[in-house]
Amino acid sequence: MQKLVFIKTFGCQMNERDSEIMSQSLSAYGYVEGLELENADLVILNTCSIRAKAEQKVMSLLGALRKLKIQRPEIKICVAGCVAQQEGEQLLQRMPHIDLIIGTQHIYTIGHLLESLESSDKAIIKTGMDETFAIPKFISESKKLALGDLSTPAFRKFVTIMQGCNNYCSYCVVPYTRGREISRKIKDIIDEVKVLLESGIKEITLLGQNVNSYGRTNQVTESGLPCSFPDLLYRIAEIPGLQRLRFTTSNPKDLSDELIRCFKDISILCPQFHLPVQSGSDPILRRMNRKYTVQNYLEKVESLLHSRPDLALTTDIIVGFPGETDADFQATMDLLEKIRFHGSFSFKYSDRPGTSSNVLPDKVDEGVKSKRLAIFQSRQDQISLERNREYVGTARSVMIEAIRPGAFQGRTGTNHIVHIEEDAALMPGNLLDVFIVHAGQHSLKGETRN
Ligand code: 5AD
Ligand code: SF4
């Protein structure tokens, strides 16, 4: 009998991809994904613990689920991802209505774990971490990806190329929640990309916490020969049928000249780069354990723009890191003025358990953090709008998506959303030249002028 699973995903693209994997694994166990929590037989919260706020959101939803479990005791409640990994048993003590706690390396076995739950009168917790863990071959998607479904952007997909992180930036929980850095075998990645292309996918985004160090910590080729991230990009770009390639995320310290050259050499590599800088102040970068200076960062940006002048650069910023002075914050603002990022994600520093910055002195007052964040975001908004206006009057290659029958939008190579004002029917999935006629804060407007 068919059962309904409701999945709520918090956090990053890595989690989005993990949720997809869980949904697809569960289809072999008779589950279909539903959009409503109320009728679900199984609820999965795929969680994020990067900042305290993300974790609080999970906790409040879990609190609310207690009522549902009382009303319908047969419903199964599963917590997966980073909060599950970090809290494990403690989470169950606080929230005894949970049935299954799955850490980041165990999402692939969710179907099997649910079966075990049938014959268990206790909750199951799976949070072990294996240093030699390998992301399983996972290519059973083709049948599920119906291109007829216009509500989802069926032409773009994520492919995970590595898991974990070895960098230990002092504020970051990722090395603890996702474990040691492990790269996937190149063959598994390529097989997965091929399956996606066969089912009509045209754009792939490669995912990892720090893609630049792909292939460094474990063997990824059958021959035993090394394979770097640029090598992987060249290999993937050769696969017939792929129209666009993107990747995220990169730590600036590992951004190599070879990778910069890829932007010149690989035509399907989109002119978009997310390069988190975190702060514009060297003393803060040092205390963040980022291992680059503002000058290093500026030089890398300059070479990137030299290699691909139309590149749109985005970044992540943390304000109010312990010890951040007004002068340190001003240095971040100065960097924003210098680079004029196309966009950024900015956050107030949040103490995370187990990280080394947690114990640093001179924590910045919450009010000061909020003020700095507002100043940064308001200037970034202006710059993003000005950057967007630079596109007005130019033609951009846009991959068409249907938002509903007869209404279209798309994305430029720079990853800007373009709303298309058009009466004619467009073919979703096609790459078309779109003439940009208007720029807003978060998106562009364009026409195809056929
Ligand atoms: N506090 C605030 N922001 C954080 N990030 C990571 N850890 C923290 C933290 N403890 C931000 C960084 C990272 C992004 C994914 O989240 O900017 O690049
Ligand atoms: Fe966290 Fe730093 Fe690793 Fe990024 S590179 S996941 S910020 S530890």
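Table for the structure above
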read-out	value
Residue, nearest to ligand 2 (Cβ to nearest atom), within the range 179-222, restricted to residues that are assigned to a helix (DSSP H, G or I) and of a type in the set (Lys, Arg)	Lys187
Residues satisfying the stated conditions in the range 294-330, i.e. aliphatic (A, V, I, L, M) and closer than 18 Å to Pro252 by Cα	Val294, Leu298, Val301, Leu304, Leu305, Leu311, Ala312, Leu313, Ile317, Ile318
Close pairs (8 angstrom Cβ cut-off, 6 or more residues apart or separate chains): of a type in the set (Asp, Glu) in the range 419-443, assigned to a loop (DSSP other than H, G, I, E, B) anywhere	Glu422/Thr448; Asp433/Thr448
Hey, Lys363 away from ligand 2 (no atom under 16 Å from the Cβ) and in contact with an Asp or Glu (Cβ under 9 Å, 6 or more places away or on another chain) or not	yes
Residue that is surrounded by the fewest Cβ atoms within 10 Å (Cβ to Cβ) [pool: residues in the range 223-249 that are touching a helix residue (DSSP H, G or I) at 6+ places or on another chain (Cβ under 9 Å) and part of a loop (DSSP other than H, G, I, E, B)]	Pro240
Top-ranked residue in the range 159-177 [being in contact with a strand residue (DSSP E or B) (Cβ under 6 Å, 6 or more places away or on another chain) and assigned to a loop (DSSP other than H, G, I, E, B); ranked as nearest to ligand 2 (Cβ to nearest atom)]	Gly164
Residue check, Ile204 farther than 20 Å from Arg17 by Cα and of a type in the set (A, V, I, L, M, F, W, C)	no
Asp257 surrounded by fewer than 19 Cβ atoms within 10 Å (Cβ to Cβ), touching a residue at least 24 places away in the same chain (Cβ under 8 Å) and under 22 Å from Gly208 (Cα atoms)	yes
Hits in the range 51-64 (condition: more than 18 Å from Gly11 (Cβ to Cβ) and in contact (Cβ under 8 Å) with a residue 12 or more places away in the chain)	Gly63
Among (1) closer than 28 Å to Tyr391 by Cβ; (2) of a type in the set (A, V, I, L, M, F, W, C); (3) free of Cβ contacts under 8 Å to residues at least 12 places away in the same chain; (4) within 16 Å of ligand 2 (Cβ to nearest atom), the one test that Leu305 misses	(4)
Failed criterion for Gly410 (all others in (1) outside any strand (DSSP E or B); (2) surrounded by 14 or more Cβ atoms within 10 Å (Cβ to Cβ); (3) at pLDDT 90 or above hold)	(1)
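The values are calculated or read from the model by the stated rules, or taken from the named source; none is laboratory data. Remember, predicted model here, so these are calculated numbers, not experimental data. FYI the Cβ positions are ideal-geometry reconstructions off the backbone, even for glycines, and counts take in every protein chain you see.
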